[in-house]
4 protein chains.
Amino acid sequence: MNLAEKYLSIRKYSEQICEPLQTEDYVVQPVVDVSPPKWHLGHTTWFFETFILKAFAPGYQVYNEDYNFVFNSYYETIGNRVIRTDRGNLSRPGVSEVYQYRKYVDEAMAEFLTQELDAEVYELIILGFNHEQQHQELLLTDIKFILGNNPLFPAYHAEKTESGAASSENEGFLTISEGIYEIGYSGSDFCFDNELNRHKVYLNQFSISQTLVTNQEFMAFMDDGGYQNFNYWHAEGWDWVNSNHIVSPMYWHKIDGKWFNYTLQGLKAIDLNATLTHVSYYEAYAFSCWKGMRLPTESEWEVAAQQFNWGERWEWTESAYLPYPGFSKAPGAIGEYNGKFMVNQKVLRGASVATPEGHSRITYRNFFHPHLRWQYTGIRLAR
Amino acid sequence: MNLAEKYLSIRKYSEQICEPLQTEDYVVQPVVDVSPPKWHLGHTTWFFETFILKAFAPGYQVYNEDYNFVFNSYYETIGNRVIRTDRGNLSRPGVSEVYQYRKYVDEAMAEFLTQELDAEVYELIILGFNHEQQHQELLLTDIKFILGNNPLFPAYHAEKTESGAASSENEGFLTISEGIYEIGYSGSDFCFDNELNRHKVYLNQFSISQTLVTNQEFMAFMDDGGYQNFNYWHAEGWDWVNSNHIVSPMYWHKIDGKWFNYTLQGLKAIDLNATLTHVSYYEAYAFSCWKGMRLPTESEWEVAAQQFNWGERWEWTESAYLPYPGFSKAPGAIGEYNGKFMVNQKVLRGASVATPEGHSRITYRNFFHPHLRWQYTGIRLAR
Amino acid sequence: MNLAEKYLSIRKYSEQICEPLQTEDYVVQPVVDVSPPKWHLGHTTWFFETFILKAFAPGYQVYNEDYNFVFNSYYETIGNRVIRTDRGNLSRPGVSEVYQYRKYVDEAMAEFLTQELDAEVYELIILGFNHEQQHQELLLTDIKFILGNNPLFPAYHAEKTESGAASSENEGFLTISEGIYEIGYSGSDFCFDNELNRHKVYLNQFSISQTLVTNQEFMAFMDDGGYQNFNYWHAEGWDWVNSNHIVSPMYWHKIDGKWFNYTLQGLKAIDLNATLTHVSYYEAYAFSCWKGMRLPTESEWEVAAQQFNWGERWEWTESAYLPYPGFSKAPGAIGEYNGKFMVNQKVLRGASVATPEGHSRITYRNFFHPHLRWQYTGIRLAR
Amino acid sequence: MNLAEKYLSIRKYSEQICEPLQTEDYVVQPVVDVSPPKWHLGHTTWFFETFILKAFAPGYQVYNEDYNFVFNSYYETIGNRVIRTDRGNLSRPGVSEVYQYRKYVDEAMAEFLTQELDAEVYELIILGFNHEQQHQELLLTDIKFILGNNPLFPAYHAEKTESGAASSENEGFLTISEGIYEIGYSGSDFCFDNELNRHKVYLNQFSISQTLVTNQEFMAFMDDGGYQNFNYWHAEGWDWVNSNHIVSPMYWHKIDGKWFNYTLQGLKAIDLNATLTHVSYYEAYAFSCWKGMRLPTESEWEVAAQQFNWGERWEWTESAYLPYPGFSKAPGAIGEYNGKFMVNQKVLRGASVATPEGHSRITYRNFFHPHLRWQYTGIRLAR
């Protein structure tokens, strides 16, 4: 595929994710972290328009000046924006207008990509691809939230499964010996700035599970009163459990004494053998304490992950999201991409069933606040 | 018109109000007081289904059991419901499903209304008509809020005006002499329980304006620093002004030094001669203080209104919303209609450009919390 | 007593109320509505200093310029002030400094009061007396709150009772016939501006209880599930019950299956024959609904109260706190006394065991927000 | 000193810190993080009573059973407690009662400490010493907050300075070469569980300043618009600056165009040469960005600190507060000491002018949430 083909292929996939939706599903924002699908479609388009076409395509006509206000996410450099909590209050631009906006920008981009590009522009385009892929993952998990928190529990798609391509061939724990290892990206393809620089870390000997925690294992924690025993929890986690009345992973519902969970196929009885998902860091930590184990650090994970399958769930690590040695932000708006979030968040490693093909790397550092669980998060134990 | 024709005519008008909308406009709830249009359409339908068809139509099949949860507004008697703040989080049932629900219930109602009805059922049906008409007024003002708070300021309809049929023929103040008067409903047609019983009140002599305050008059208050001078305000009003940074009526925007306001026709320069609207009780009170006057009580209003034109704006009164002598609630869910709101609200009298034809009465008591201003509220001075 | 003697007698009583306190008790503010006792002592002193001595005593030296900031309550005219929620954060000025401040101002006032005074000053002084007496009532109820919400439940005074001088001689209901009555103050002694003007009201025939509701009667409401049945409550009252988990009047505690309440003498078993107290308007209303009766309006109360004993509990009425016909605010800071609170509050009539001698009148209008109950509030039924 | 002498010496120092206080100063809690001094005095006493005397002294009579409720801080194992925000609402037990409680427990402890003690008890006693010393530091900084946020700005003590014993002999940056280092405690004296285990880390070459940032250097950041430029801030830091209107370090006040700060000696003109203090992590990070540098990690700090003076300010590091390899919690209540706070906090290294003698170690890990700044925090730059 050439660059224009690659562009159109990635762009098309965002729209494919939305195919099962009704118009109304594109509009709502049930909680602040979940954006309306039409916002994702507009925002990723705005990204190409703003950082590529406005900046580098001579004579490009902006589609609608007001869209900068509507579709900017958090780039302070680029001016004011609709505050995040208000995204679900906007009925306009409507869904078909957003698709027209996409079409307009896609045509301009397709033409633009036929030219010879210098390195700076090329890098921004590749960043735009990766940015859109990140939003594709959010798009699917946000859609799941929108449908899964509706009292009618509509299915997203009758055949869309949530179990992974990555189930393990091997059971049991893997032991890695003490010593100096290297982590971080070192290749010549794309990576995010937060994966740089590749650097040495010293690890003590540790063991790490080759498989992810299943629903059955987590239900044993629940049955043993795990959500009611403060000993397993961080003080903040214990507050979170109690003020939100948490008694199970997200999307689980006890109906007539039996546990069900909402999946992309609708409400179903819990599959005990399936890989656990939709837990917060607090729950992942409490579960590991109850097991007498712990979560791996991101260094341990990256070193060990060469020897086990991964990619079904984003895996909470014990590591805080912090800059690697020698990390530096790019100048301008692109520099706002990662660095300014490096406080009070935890690193997740791996990828998930919602991650678009070609968008996972062993060095990839995902990050969320510890209470969030609407992504396909999971637990891998270490000790 | 017979009862079935009347029913269908009222029901059709709700849908006519929504004709200019895009599907997305039916879904959002920008603030808690503004409900999504599709919720209004569903809720008024649920009212007839629950209180008429389920209760009195033998063999009626409920359209969808889950809709009781989705479309109940505040009737504790009828079971659990989606909490009010969450109405805008529901993409399903979708707009076309809601219209199908309306169709299903309308057909059942039309058939039901061909029978002879006893008095109890007849009264409930008439209440249902009035209930739907109340929601028609909210529907239009909620739509205005949804469109008018969108950064693209889309017009509702190019020809829909907001000035009233009720502009006054006479200027100046009318004087009513001291004495005993009667207020409250006494006829044999429909009225709400809160308009009963007709009873005597003693009024001192007072004067009341025959016209409503205009934009020009209110702008003089603004120009004189009315929003910056605590002397004109209630303590709670002053807090409201300062914590919400209020500097003008709702929908007013100062652009390049000139005042515009959003109307159903879109954003326009302020029409100085138009009747002021979208002010809170706090603003109405502060304006009257600045003028050295006051707002009328609801008794004064009802007595005087026989001698002036009204119906363009809901007019804030100085009266709190309280039961009339001898007021009693109906038994069951219908008894929750009015009585339980009789604390911490102010009475508004009159009607507005959004009030459906045939739904205004000189004894009608509307009520809102003092900070609200998304209805077509206005000011009439007394002294 | 001459004016200076009267002044010193009133001022001394504030300090007598505080005699049983430890220094620490003067300092805390457990909730926003309860002010620290030393703040009351300072604020009432500041009132005389600001409105009398600074304004009218030539050569008076302000005790400490910073005290204006510390002890102003809500007078916007007089400049900035410590916000109300922060009163309990101030350890300085300390208790003995506040008593020195009182001594300094009292000496200056005593000297000032030896002169001939013109009418304006005289009126302000009388207002200052009444202002201090209002704070004496708050002082005692705030102290009760401070001690009664302490987990050690310290007694205020072993012999201080809370039952009234006003227990009724007569039982049963009194009937007042329909007609025109006059309410409001008409004498030549002091009254607050909100008691003016005396004016005519038209009352329908009504009956009103000659006695206040007792603990036993209220316990029957509790035993009948009154706090669990939404039918008896305003919508706002029902929210208040549920979000605050209200199951009894304030200061009641169920210990080992038996009800106790905190009194000024400490924690004691409920006295069933005692007059109920510490209920909110919401509870008073709900109780009256459960009884199939209602609360009196303030007009009804004032007309009927000539025929029964009152003064033990402040009695919630159905009336909202609104201006009487012809009400007008005084110019300047004194005008902020009453008028600016005339929204969203309910009128209470009578007086209570905490009311200082000589500070009650049949026309007196007390007012609080409907959820408050730390005053000695009570219930009198009407129908 | 033997153990009993050591006990009494540490206990006495807590009371010495409080000597300049008035009774009222012991009571208030202006913000949730600042506890009333009398609470600190009671809580540290409760610690010895609960974990030593009740557990190990046969026949010990608890002073007052209710004090467990009043003086427990966060030990879920030990039962219910006054919630943290309510500590400032308690006037009782009073200051002299708390001193009597101290005396009672001190006498029992002094007698208890004359015995031969087994290792478990000995360790708990040493933990109690360190616990009391931690509270001594909080006691002084909480007192500073209580006095420094009072509008009268009372001095704590005319001769108490805040500049350090630790000012540096050397200027400029120190360079540490790449390699494996060891951090964590390895001696045989007391350390907290979070300092264990000593373990290897791999560090890249780095440079670190031998001196702390001064007021003058920080004022240059302010003058250059540092608080107004989002580029220097984390997204959360930028929100913190804007929602709290932060324009300077804590305790700084601009009066008539000149900067003052509140110190333990009262309000004084800023000393430009003094070491900067009372900044949050967000400010420390933003300042380092503006300088084109960064904060050190805790590993870097511990390795380099052998070569520079420290101890005047707690120094923010870039490190999140996380368990060291092999960390494990002690069983029971003591296990709640550190581990349950290991999320969403940053590590500070060093010590401060408020740290009691003998309570600092190069391996000591202090931790606070990133927005807090009422401790004597400071900035050391790295690159």
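Within the straight-line cut-off of under 19 Å between alpha carbons, the lysines reachable from residue C:200 are B:200, sequence neighbours fewer than 8 places apart in one chain being disregarded.
For the residues B:244, B:229, B:130, a GNM of chain B with alpha-carbon springs under 10 Å puts the largest fluctuation on B:244.
Over all orientations, the stretch A:316-372 has a Cα convex hull whose mean projected area works out to 5.0 square nanometres.
Other residues lying with their Cβ under 13 Å from the Cβ of residue A:8 contribute a combined charge of -1, Lys and Arg counting +1, Asp and Glu -1.
The phi torsions of the stretch D:177-184, fed into the Karplus equation with coefficients 6.51, -1.76 and 1.60 and a -60° offset, translate into couplings of 8, 4, x, 8, 10, 10, 9, x Hz, rounded to whole numbers, with Gly and Pro shown as x.
To the nearest 0.05, what FRET efficiency results for residue D:174 and residue D:216 with a Förster distance of 30 Å applied to their C-beta separation? Approximately 0.90, to the nearest 0.05. Under the criterion of Cα pairs below 8 Å and six or more residues apart, the relative contact order for the stretch C:3-148 equals 40 percent. Restricting the calculation to alpha carbons of chain A gives Rg and Dmax of 21.4, 66 angstrom.
Here is the list for the stretch D:312-357: GluC sites (Glu not before Pro) lying in DSSP coil, each with at most 11 other C-beta atoms within 10 angstrom of its C-beta, are D:357. Residue-wise HN-Hα couplings along the stretch A:302-308, as the Karplus relation 6.51 cos²θ - 1.76 cosθ + 1.60 with θ = phi - 60° gives them from phi, are 5, 5, 7, 5, 5, 10, 9 Hz; Gly and Pro carry x. A loss of 40 Å² or more of accessible area (1.4 Å probe, protein heavy atoms, ligands and nucleic acids excluded) relative to the isolated chain is seen in these residues of the stretch A:304-324: A:318, A:322. When the pairs A:12/A:103; A:38/A:103; D:6/D:329; C:38/D:254 are compared against a 20 Å limit on Cα-Cα distance, D:6/D:329; C:38/D:254 fall above it.
The dipole here belongs to chain C: it is taken about the Cα centre, uses +1 on the Cβ of Lys and Arg and -1 on the Cβ of Asp and Glu, and is about 600 debye. Taking all protein chains as shown and a probe of 1.4 angstrom, residue B:291 keeps an accessible surface of around 80 Å². Distance between the 7 Å Cα→Cβ label points at residue C:369 and residue B:115: 5.0 nm.
About its Cα centre, the dipole of the protein assembly as shown is roughly 0 debye, where the only charges are +1 on Lys and Arg Cβ and -1 on Asp and Glu Cβ. For residue A:235 and residue A:259, the difference between the fully extended length at 0.36 nm per residue and the C-alpha to C-alpha distance is 5.9 nm. Under a model in which nothing but the beta-carbon of Lys, Arg (+1) and Asp, Glu (-1) is charged, the stretch A:332-383 shows a dipole of about 300 debye around its Cα centre. The stretch between residue A:57 and residue A:383 holds 112.0 nm of extra length on full extension. This uses 0.36 nm per residue minus the Cα-Cα distance. Heavy atoms of chains D and C lose about 2400 Å² of accessible surface on contact, summed over both sides with a 1.4 Å probe. Overall shape of the stretch D:112-225 was characterised from the C-alpha gyration tensor. The equivalent ellipsoid obtained from it has semi-axes of 34, 31, 12 Å, in decreasing order. The modelled label-to-label distance between residue A:328 and residue B:16, using points 7 Å beyond Cα along the C-beta direction, is 6.9 nm.
The Kirkwood hydrodynamic radius of the stretch A:221-374, based on inverse pair distances between different Cα atoms, is 17.3 Å.
Projecting the Cα positions of B:47, B:27, B:105 onto the charge dipole of the stretch B:3-148 (unit charges on Cβ atoms of Lys, Arg, Asp and Glu, taken about the Cα centre) puts B:27 furthest along the positive direction.
With q set to 0.20 Å⁻¹, the log10 of I(q)/I(0) for the stretch D:3-148, from the Debye formula over equal scatterers at the Cα positions, is -1.29. Counting Cβ atoms of other protein chains within 10 Å of each Cβ in B:19-31 and taking the mean gives 5. Taking all protein chains as shown and a probe of 1.4 angstrom, residue D:196 keeps an accessible surface of around 60 Å². Please check: in the Gaussian network model of chain B (C-alpha springs, under 10 Å), which one of B:279, B:347, B:32 has the largest mean-square fluctuation. Of B:279, B:347, B:32, the Gaussian network model singles out B:32 as fluctuating most. Placing a label point 7 Å from Cα along the Cα-to-Cβ axis, residue A:266 is separated from the same position in the other copies by 4.6, 6.7, 7.8 nm, shortest listed first.
Between residue D:214 and D:276, the built amide H atoms are under 5 Å apart, and every one of these is 5 or more places off in sequence or on another chain. Relative contact order for chain B: 19 percent, from Cα pairs under 8 Å spaced at least 6 residues apart, divided by residue count. Axis of helix C:37-48 versus longest Cα principal axis of chain C: the two differ by about 60°, to the nearest ten degrees.
Largest accessible area first, the listed residues C:287, C:51 line up as C:51, C:287 when surface is computed with a 1.4 Å probe on the assembled protein chains.
Each label point was placed 7 Å from the Cα along the Cα-to-Cβ direction; for residue A:272 and residue D:244 their separation is 5.0 nm.
Protein heavy-atom accessible surface, 1.4 Å probe, per residue over the stretch B:173-378: 37 Å². Phi angles across the stretch A:136-145 convert, under the Karplus curve 6.51 cos²θ - 1.76 cosθ + 1.60 with θ = phi - 60°, into 3J(HN,Hα) values of 5, 4, 5, 4, 5, 6, 5, 4, 4, 5 Hz, Gly and Pro given as x. Across the stretch B:173-378, C-alpha contacts under 8 Å between residues 6 or more apart give a mean separation that, scaled by the residue count, equals a relative contact order of 25 percent.
Expressed as a whole percent, the accessible surface of the stretch B:3-148 that belongs to carbon and sulfur atoms is 48, based on a 1.4 Å probe. The value given for the protein assembly as shown is a Kirkwood hydrodynamic radius of 37.0 Å, derived from the mean inverse Cα-Cα separation. For the stretch C:73-99, a decrease in accessible area of 40 Å² or greater in the assembled protein chains relative to the isolated chain, with a 1.4 Å probe, applies to C:76, C:89, C:91, C:92. Loop-located GluC sites (Glu not before Pro) in the stretch A:52-122 (DSSP state other than H, G, I, E, B) with a sparse environment of at most 13 neighbouring Cβ atoms within 10 Å: A:65, A:116.
For residue C:318, the residues whose amide H sits under 5 Å from its own are C:297, C:298, ignoring neighbours fewer than 5 places away on the same chain, with H placed 1.01 Å from N.
Average 1/r across all pairs of distinct alpha carbons in the stretch A:150-279, invert it, and you get the Kirkwood radius: 18.5 Å.
The values are calculated or read from the model by the stated rules, or taken from the named source; none is laboratory data. The structure displayed is predicted, hence computed values, not measured ones. Neighbour counts run over all protein chains shown; Cβ positions are idealised from the backbone, glycine included. Accessible surface areas use protein heavy atoms only, side chains included; no ligands, DNA or RNA. Shrake-Rupley method; radii C 1.70, N 1.55, O 1.52, S 1.80 Å.
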